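Since every read-out is calculated from the coordinates, none of them should be taken as a lab result. Just so you know, these numbers come straight off a predicted model, no measurement behind them. Cβ: placed from backbone, ideal geometry, glycine included. Neighbour counts: every protein chain shown.
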Amino acid sequence: MKNLAGLMKQASEMQGRMQELQTKLAAMECEGTAGAGLVSVVLNGKGDLRRVKIDPKLATQEDREVLEDLLVAAHAEAKRKIEAMAAEEMQKLTGGISLPPGLKLPF
């Protein structure tokens, strides 16, 4: 029974640390750029788009399709960065123990 109590305590502590990690990730921001800096987007740690910045040079109607593609590319870059940061933080939290397949944080 002593081992079970210890495991339950460890599980509870891990749950608290995971909640802290989720809060920390939500507060993080990461910027992605495209088109040599003509377009940039900022995502929070949950992958939500927070800000978009478009260089005035791209404001013409002819550039609309290019601008749309650049926004998608900048968003994808920022999303990749934030996912890498989240994975790094999770490695720190779990001490290198990998999560089961399909389990992804933040939940």
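Take 44-53, 76-85, 3-12, 58-67 and order them by the average number of nearby Cβ atoms within 10 Å per residue, most first; the result is 76-85, 44-53, 58-67, 3-12. Label zone of residue 66 (point 7 Å out along Cα→Cβ, amide N under 13 Å): in the stretch 10-46 this covers 35-39. Under a 5 Å amide H cut-off, with hydrogens placed 1.01 Å from N, residue 28 pairs with 45 among residues at least 5 apart or on other chains. The HN-Hα couplings worked out from phi for the stretch 57-68 by the Karplus form 6.51 cos²θ - 1.76 cosθ + 1.60 (θ = phi - 60°) are 4, 9, 7, 6, 4, 4, 8, 4, 5, 4, 4, 4 Hz, whole numbers, x standing for Gly and Pro. Start at zero, step by 10 Å, and the Cα-Cα distances of the chain spread as 14, 33, 23, 16, 9, 4, 1, 0 percent across the bins. Restricting attention to the chain, the count of lysine pairs at 8 or more positions apart or across chains with alpha carbons under 12 Å apart stands at 4. Dipole orientation for the stretch 27-93: of the candidates 28, 49, 39, 28 has the Cα lying most toward the positive pole (charges on Cβ; Lys, Arg +1; Asp, Glu -1). Here the spin labels are modelled as points 7 Å beyond Cα on the Cα-Cβ line, and at residue 26 and residue 4 they lie 3.4 nm apart. Phi-derived couplings, Karplus 6.51 cos²θ - 1.76 cosθ + 1.60 at θ = phi - 60°, listed residue by residue for the stretch 76-89: 4, 5, 5, 5, 4, 5, 5, 5, 5, 5, 5, 5, 5, 5 Hz, with x used for Gly and Pro.
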